[in-house]
Amino acid sequence: MNIDFSSPQVMAILNVTPDSFYAGSRTPEAESVERRVREAVSEGAQLIDVGGYSSRPGADEVPADEEWRRVRLGVGTVRRLAPGMTVSVDTFRSEVAAKAVKTFGPLVVNDISAGELDPAMLSVVADCGVPYIAMHMKGDPKTMQSQTDYRRDIVTEVVGYFRRRTDEMLAAGIRRENIILDPGFGFAKTTEQNYELLAGLHRLCALGYPVLAGLSRKSMIYKVLDATPAESLAGTVALGWECLRQGAAILRVHDVREAVDTVKLFNMFRQ
């Protein structure tokens with residue numbers, strides 16, 4: 001399967017979870033999942049990212065069988081309502097990724113740990129031959145915000161990490177054209193580090209892989225604005241434009257219509 005990167009893509013977040021950080025994104029039941037999928041499709045999403053395990057800071061662990069139940073509900077709903085839609089599965093567990101591909105056919109694997117939390121992940125993705133989004137994080141969702149110390153500036157750290165990690169992905173058999181990088185805004189990073197990383201995003205894009213930017217309604221926005229996630233749409237749009245300006249290929253968002261409009265305006269500006 002191939003993703004068209006001739007224009008920046010908008011990825012809609014589908015959280016089949018009861019505890020994601022933004023309450024407005026929680027769709028734990030079949031009816032709310034279906035409503036969210038219809039909304040994302042009608043507003044112009046090009047990808048839908050299905051997650052069954054909240055990765056918010058301090059999140060509790062979810063058993064693998066429960067994560068798979070949620071993922072199966074989400075992906076199954078997308079396949080039923082929008083069979084042509086590109087789907088990604090937000091998981092760091094190779095068994096969930098493998099089950100999703102076996103059950104639903106080719107899809108994107110979106111791994112917040114770049115294979116660090118499950119040593120089998122890279123080989124599973126290589127065997128499946130599907131696109132792989134690898135994100136930068138230290139620790140896990142429960143511990144990551146206590147691991148914000150870096151030897152060098154955050155941009156140099158993240159770029160250096162991905163230079164090494166992409167070599168390992170290629171060595172594991174993942175095709176170069178299937179690798180997508182995510183700098184991991186909000187994962188093992190302070191607010192200041194998030195903005196340093198945003199300012200240097202072009203350096204990550206210069207590695208030559210598509211880059212996903214996921215900062216929708218995150219604390220790097222609402223803490224600066226002394227607001228809440230629910231009050232952070234304007235900030236999300238503003239920072240989304242900056243990500244596009246520096247070369248991001250995918251915006252991962254809660255608010256699809258606004259992101260689609262941002263991409264349309266950015267494409268016109270770029271012409």
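The values are calculated or read from the model by the stated rules, or taken from the named source; none is laboratory data. As the structure is a computational prediction, the values presented were derived from the model and not from experiment. Cβ coordinates were reconstructed from backbone atoms using ideal geometry, including for glycine residues, and neighbour counts include every protein chain displayed. For accessibility, only protein heavy atoms count, side chains too; no ligands or nucleic acids. Shrake-Rupley method; radii C 1.70, N 1.55, O 1.52, S 1.80 Å.
Looking only at region 107-120, decide whether some residue is outside any helix (DSSP H, G or I), under 20 Å from Ser32 (Cα atoms), free of Cβ contacts under 8 Å to residues at least 12 places away in the same chain and open to solvent by 30 Å² or more (accessible area, probe 1.4 Å).
No, that holds for no residue.
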Task: Leading residue by the ranking (nearest to His254 (Cα to Cα)) among those in region 33-77 that are open to solvent by 70 Å² or more (accessible area, probe 1.4 Å) and acidic (Asp, Glu) - done: Glu39
Task: Complete set of residues in region 181-196 that are within 17 Å of the chain's Cα centre (by Cα) and either closer than 23 Å to Glu258 by Cα or crowded, with 24+ Cβ neighbours inside 10 Å (or both) - done: Leu181, Asp182, Pro183, Gly184, Phe185, Gly186, Phe187, Lys189, Asn194
Task: Residue pairs meeting the criteria (Cβ under 7 Å; at least 6 apart or on separate chains; first within 10 Å of Lys218 (Cα to Cα), in region 228-245; second among the aliphatic types (A, V, I, L, M) and in a helix (DSSP H, G or I)) - done: Ser232/Ile221; Gly235/Ile221; Thr236/Ile221
Open item on the list: If I filter region 78-100 down to residues being open to solvent by less than 10 Å² (accessible area, probe 1.4 Å) and in a helix (DSSP H, G or I), which single residue comes out as farthest from Met1 (Cα to Cα)?
Closed with: Val96
Task: Of the criteria (1) surrounded by 17 or more Cβ atoms within 10 Å (Cβ to Cβ); (2) free of Cβ contacts under 8 Å to residues at least 40 places away in the same chain; (3) not charged (D, E, K, R), which one Leu170 fails - done: (1)
Open item on the list: Going by what's in this entry, would Ala206 be described as more than 22 Å from Ser113 (Cβ to Cβ), loosely packed, with under 14 Cβ neighbours inside 10 Å, at pLDDT 95 or above and not aromatic (Phe, Trp, Tyr)?
Closed with: yes
